[in-house]
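All remarks here apply to the structure that follows.
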Amino acid sequence: MASTSSSTVRSHPVVFTTQTPYVLPSQKFMIPLDWKRYQLSQLINKALDLSKPVPFDFLVRGEILRTTLLEWRAAKGVGEEDTLEIEYFESVIPPQRMSDIPHEDWMSSVSYRIPQHFVTASYDGHLRLFDYSQNPVIDTSVHQAPITSVCVVPSSSSDTESRILASSSHDLTACLTRIYLSPEGPSASTVASLHLHTSPLSCVSSDASGSHLLTSSWDGLIGKKRRKTAPVNIKRKVPIAVLKSHTAPVSKALFATGLHAKGKAYSCGFDSTVRTWDVESGVCVNTVNVPERPMLDLAQTPDGNVLLAASTDRTVSIFDLRVSNSSLSSSTGFMMHPATPSCIATSESGKQQVVTGAYDGVARLWDLRSTKGAVTSFRVWDGMKVLAVDWAGDVVSIGGEGGVEVWRIAGGS
């Protein structure tokens, strides 16, 4: 047993684990009870003899350690002889603001899914494309009313000069817009309009293959559409299925991800429910009621294990899909916010982290293994709401009443 304590300081037996490449040999340490995160991080670095210091954070029984071990032990009622298993992971470097992209109108949605380019959707009905240096590339009017969301439709094609954007709007339609990034000059054209809804659309989303789309609306309906674009003329498309079950406006519908994703989708709405759908049959197969919590946004981690739903009661509900074979049950936790959370983005790299944006103009980074408080937060605007967030690589793009800002988040695991 390795000892790190002096004779005058009480200690506690600890075993360290990690999912990072920085693995310690299996052994038990006697850790001084007055140690905090900094001393523990120094110990890991010294034990591994790292040439360049790596800061670590520590999880103790599902909670990030923010106090001394003595204070944590007293709060949890842990006995002196109980060996603690502590998981360490790379600390998140404080988010850095990289740049902003000014807009004259509110930004309802933003995407960084085209390499080196940002796509923004605005309340003025325009889709815009900016390069990584924030230079405008394309500005095209697509809708006759505010746009509520935009997504880059995945494609298996090797054509890197052409992409399809799907957008939803208050004008009761969703549109498919093809953008060209050819050497001769960028251009954009609307190739299809999608019709079903009798009230403003709240969102449009694509499956992983890009072959199907889901639209959600304030009319309580969800439309499933096959994504095929006409080569020249604008094509008016109708849904191949209509998903009916919500009793109030639907905030978002998305196709499931992960091992159990095939044929499944999730949705949330102002009826305070999160629903699971068999999209092949169009049947709602499961409903979770969360009383008096109208839902504003929905996201799923890339591995398909966790579903997250933001609501007007200033919480983000966490649904662990592993506890019931990927079926929804009651929420397994909450992320509390001081203001209404409006949007959620998960890390595509498989990290246990999510970013939320809220009406107080603040974005927050959370670790799903410890949701008592945010890992860090960064104020984007004063007195203006965050309405959209996207996370790709280490770049977080944020849209809202103040336009668009680009931040960098590095570290964590």
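Worth a mention:
- Helical content of the chain, expressed as a calculated mean residue ellipticity at 222 nm, amounts to -1500 deg cm²/dmol (DSSP H runs of 4 or more residues, -39,500 (n - 2.57) each, divided by residue number, nearest 500).
- Exposure check, 1.4 Å probe, all protein chains in place: Thr8 carries approximately 120 Å² of accessible surface.
- Anchor Lys385: lysines whose Cα lies under 23 Å away (excluding residues fewer than 8 positions away in-chain): Lys252
- Put simply, region 278-413 fits an ellipsoid with semi-axes of 25, 17, 14 Å; these come from the alpha carbon gyration tensor as the roots of five times its eigenvalues, largest first.
- Under the Debye formula (equal points on every Cα, no solvent term), log10 I(q)/I(0) of region 89-198 at q = 0.17, 0.20, 0.22 Å⁻¹: -0.81, -1.05, -1.22
- Interatomic Cα distance distribution for region 186-343, bins of 10 angstrom, percent: 11, 40, 33, 13, 3
- Taking amide H atoms as placed 1.01 Å from N in the peptide plane, the amide H of Ser169 lies under 5 Å from those of Thr148, Leu201, each 5 or more residues away in sequence or on another chain.
- 10 Å binning of all Cα-Cα separations within region 340-413, expressed as whole percents from 0 upward: 21, 57, 21, 1
- A simple rule links phi to the HN-Hα coupling: the Karplus curve 6.51 cos²θ - 1.76 cosθ + 1.60 with θ = phi - 60°, which for region 131-138 gives 7, 5, 8, 6, 7, x, 10, 9 Hz, with x for Gly and Pro.
- Phi-based couplings in Hz for region 382-393 (Karplus 6.51, -1.76, 1.60; Gly and Pro marked x): 9, x, 9, 7, 8, 10, 8, 8, 9, 10, 9, x
- Pairwise centroid distance, computed over Cα atoms, of region 35-50 with region 354-401, Å: 29
- Taking the protein heavy atoms of the chain in the context of the full set of protein chains, the accessible area attributed to carbon and sulfur is 49 percent at 1.4 Å.
- Diffusion constant of the chain at 37 °C, which comes from Stokes-Einstein with the Kirkwood Cα-pair radius and 0.692 mPa s, µm²/s: 144
- Mean Cβ count within 10 Å, highest first, over the residues of peptides 152-163, 106-117: 106-117, 152-163
- The HN-Hα couplings worked out from phi for region 107-124 by the Karplus form 6.51 cos²θ - 1.76 cosθ + 1.60 (θ = phi - 60°) are 9, 8, 7, 8, 9, 10, 9, 9, x, 6, 9, 10, 10, 10, 10, 10, 5, 8 Hz, whole numbers, x standing for Gly and Pro.
- Residues with amide H under 5 Å from that of Ala248, placed H, sequence gap 5 or more: Asp271
- Charge dipole of region 96-408 about the Cα centre (unit charges at C-beta), most positive-ward option of Leu127, Val404, Asn305: Asn305
- All C-alpha pair distances within region 194-274, sorted into 5 Å bins from zero, spread as 3, 16, 26, 23, 17, 10, 4, 1, 0 percent across the bins.
- Alpha-carbon gyration tensor eigenvalues x 5, square-rooted, for region 96-157, Å: 18, 16, 10
- Ranked by the mean number of other Cβ atoms within 10 Å of their residues, highest first, the peptides 193-202, 23-32 fall in the order 193-202, 23-32.
- Counting all C-alpha pairs of region 6-90, share separated by more than 15 Å (%): 56
- Backbone amide hydrogens, once placed in the peptide plane, bring Ser91 within less than 5 Å of Phe56, Asp57, Gly412, excluding anything fewer than 5 places away on its chain.
- Cα gyration tensor shape for region 282-326, rounded if a/c is under 1.5, else prolate or oblate: oblate
- Dipole axis of region 259-352 (+1 Lys, Arg; -1 Asp, Glu on Cβ), positive-most option in Ser342, His260, Ser272: His260
- Charging the Cβ of each Asp and Glu at -1 and of each Lys and Arg at +1, and nothing else, the dipole of the chain about its Cα centre rounds to 720 debye.
The values are calculated or read from the model by the stated rules, or taken from the named source; none is laboratory data. Here the structure is a predicted model, which is why all the values come from computation and not from measurement. Don't worry about glycine lacking a Cβ; one is built from the backbone with ideal geometry, like all the others, and counts go over all protein chains shown. These accessible areas exclude ligands, DNA and RNA; they are computed on the full protein's heavy atoms, side chains included. Shrake-Rupley method; radii C 1.70, N 1.55, O 1.52, S 1.80 Å.
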